[in-house]
Every structure is written in structure tokens, then in C-alpha cells.
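First comes the structure, then the notes that go with it.
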Amino acid sequence: MTLQLAPPPRHASPRRARPSRRAGRFDLRGMPYLLVSPYFLLFAVFGVFPLLYTLWLSLHDAELAGKREFAGLANYAELIADAEFWNAVFNTVGMFVLATVPQIIMALVLANALNKRLRGRLLLRLGVLLPMVTSVVAVAVVFSQLYSRDYGLFNWILGFAGIEPIAWQNEKWSAWIAIATMVDWRWTGYNAIILLAAMQTIPKDLYEAAAIDGASARRQFWQITLPMLRPTIVFVVFISTIGGLTLFTEPVMFEGEQMMTGGTTGQYQTVAMFIVEAAFRGGFEIGYASAAAWLLFVLILFGTMINYWFTRRIGVHDDHQATGQPAVGRGGSH
């Protein structure tokens, strides 16, 4: 009698869950939009809506808490004829030029120096960011003391050259210089770090080939470094343009009393200060201030376009350097 073993029982294997085609299509097409949607929602609430609401207010004779009557372009017509507004525009552009041009040049020089082999490079690179740690209010207070007429350090230094003490707040040009130095001290290191990060992405082979070809360090900077930094320089100029044309905290703290007038005769009142004064310190004309805000927006666009046209010309004749064939020629710099 033979004993037959029964075969092991077969357990029904669970069917693998297969994602539906709709779910797969959503993962491929819909998920990216879902992931980026929080940014666009926040931007719509805190960016697009205030922008459109400001445009709506600029077309109305509106007070901060009062009437809202449609006025069309009356606010813009009145603003264009307002001498105080154009004085604020002139001050803003003047301080922007005084602050931005030296700032970009010093940032380039500083970034190029930090890109060299130096002892304690890490500490030096961290050191240029120290002004960013300091509060802008503290910076303005300190510089206001440095530019004090009677006890300021700068007037004390000028006294050794026989120059009479300067009332920095009373004159337009002196106030511009004082405020521009505040901006430069705070933002030069920040821009230098951005430019330094871009410099470190430039292939070292280009510099080695240029050195073999006989190019000096200065010629390498002008024909290799600067052309390849053009996108980063454009970005830095854009950011500096927006920050310079919306200058507010430094001149307000430099005034000391936070009256938004920019001195007794408005010698350093910026457009941002003019907007705040019109909306919250003067007649509470929120519609008039909104029109000024939109004209400032147009001014920023115009300034950005000019700077973009100028900066995109940097190294335009040396673009072949970025392709990996530095035709720098022998004989060093000219």
C-alpha cells in the first residue's frame, strides 16, 4: 500500500494593485502643478491682488478712511505737475546712481580678490557678510552719528585738511553721499558673495590656457571672467536697481525724526518716502499715493530696461572666450 502525500494547498496570491491610467496621468501632468500651486496662491493673494487694488485706488479720489469717488487719470495728471514728486524722483535717481555704480564695482573687485588663494579665505568671505547681520536701523543710526556736524568722525577727519565742518543733512549732495555710503556698506558684501559664487563656476581650464598663451591676470579678468559673469552681473544690477529705486529705511533713519519729508526742503526725500507721506502723514490721500506707487513701478521698469541694455553689452565682443577657446593673445595686458 503506497502512501500518497497530498499536494500543499495553493494560497490565492493577492492581485497586485495596478494604478489606474487616470492616476498615472495625474502624477505625470497634474502633480507638478499641485506642488508649485502654494507659491502661486500666495503670490496671487499678497502680490497680484495688492497690485491690482493699488491700480484701482489710483483711479479714484480716495482717502484712507473716507470717500471713494472715481477720478480717472486725475491723480496721475496732478502727480505729473507736482514739483515735490519730481524732486523725490530726482533724489531717488541721484542716490541710486551714487550708491549702485560704486557698489557693483567694489563688489566685482572684492569678489575677484576673494577668489584668489588667500590665508583664511573662509573667514574673509564670512566677514563681508557681517553688514547683512546688522540691522539696517542700527546701521543708519551709527552712520548718522558718523556724519554728525559737530561730533561726527568724518568731519573730524576733514578738519585735518582744513575743511570746515559739513552739515551733511542740510545739503542735497552731502546727504546723497551719506545715504549712498550706508547702502554701499550694507550691500557690497552681499553682491560680492553672489559674484564670487559665479566666479567659482568658471572652468579653470580657461585660465590655464590663457596663462600658457601669455595673458596677464588683468587680461584674464577682462576677457574671461567678466564676459562669463555677464548673467550674474545682470541679476545683481536688477536687484540693486529695484532696491535703489525703492530706497526708504536709510533716508528715513538719517532724518532722525521719521517725518518722511527728507529734510527741511526735501533734499533727500525719496519716492517711497513721498508715497508714505501722502498716504499716512499728509492728507491721507490713498488714491494719490497709489498713483505715485504706480509711477514708481514704471520708473523701476524703465531703469531696469536701461541697466539690462547696458549690462548685456559687457564682454559682447569676447563671447568666444566662454566657448572654451580664449583668444587672449600674447604680450600681456594693453
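The values are calculated or read from the model by the stated rules, or taken from the named source; none is laboratory data. Note that the structure is a prediction, hence the values are computed from the model and not measured. Note: ideal-geometry Cβ built from the backbone for every residue, glycine included; neighbour counts use all protein chains shown. Only protein heavy atoms, including side chains, enter the accessible area calculation; ligands, DNA and RNA are left aside. Shrake-Rupley method; radii C 1.70, N 1.55, O 1.52, S 1.80 Å.
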Restricting to Cα pairs under 8 Å and 6 or more apart, the percent relative contact order of the range 42-101 works out to 18
What net charge do the residues around GLY266 carry, taking every other residue with its C-beta under 12 Å from that of GLY266, with Lys and Arg at +1 and Asp and Glu at -1?
-3
Residue-normalised accessible area of the range 23-161, given per residue in Å² at a 1.4 Å probe
68
With the calculation restricted to Cα positions, what are the radius of gyration and Dmax of the range 157-249 in angstrom?
19.5, 56
Straight-line reach from LYS116: which aspartates and glutamates have a Cα under 17 Å away, not including same-chain ones fewer than 8 places off?
ASP205, GLU208
Going by amide H atoms built from the backbone, whose H comes under 5 Å of the H on HIS60, apart from near neighbours?
ALA71
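Averaged over all directions, how much area does the convex hull of the C-alpha atoms of the range 121-192 cover when projected, in nm²?
Values: hull surface 23.6 nm².
One quarter of the hull surface, i.e. the mean projection, equals 5.9 nm².
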Whole percent per 5 Å bin, from 0 to the bin with the longest distance: what is P(r) over all C-alpha pairs of the range 181-315?
2, 9, 14, 15, 15, 12, 10, 8, 6, 5, 3, 2, 1, 0
The FRET efficiency for LYS67 and ARG121, from their Cβ-Cβ distance with R0 = 51 Å and rounded to 0.05, is 0.25
Of the accessible area of the range 84-165, with the probe set at 1.4 angstrom, what percent is carbon plus sulfur?
71
Taking square-rooted eigenvalues a ≥ b ≥ c of the alpha carbon gyration tensor, is the range 90-152 rounded, prolate or oblate, where a/c under 1.5 means rounded and, failing that, a/b exceeding b/c means prolate?
oblate
Dipole of the range 185-285, positive direction: furthest Cα of MET260, ALA217, VAL234, with charges on the beta-carbon:
ALA217
Explain nothing, just the number: relative contact order of the range 162-258, from Cα pairs under 8 Å at least 6 residues apart, as a whole percent.
37
Using every alpha carbon pair in the range 199-254, what percent of pairs falls into each 5 Å bin from 0 up to the bin containing the largest distance?
4, 16, 19, 15, 11, 9, 9, 8, 5, 4, 1
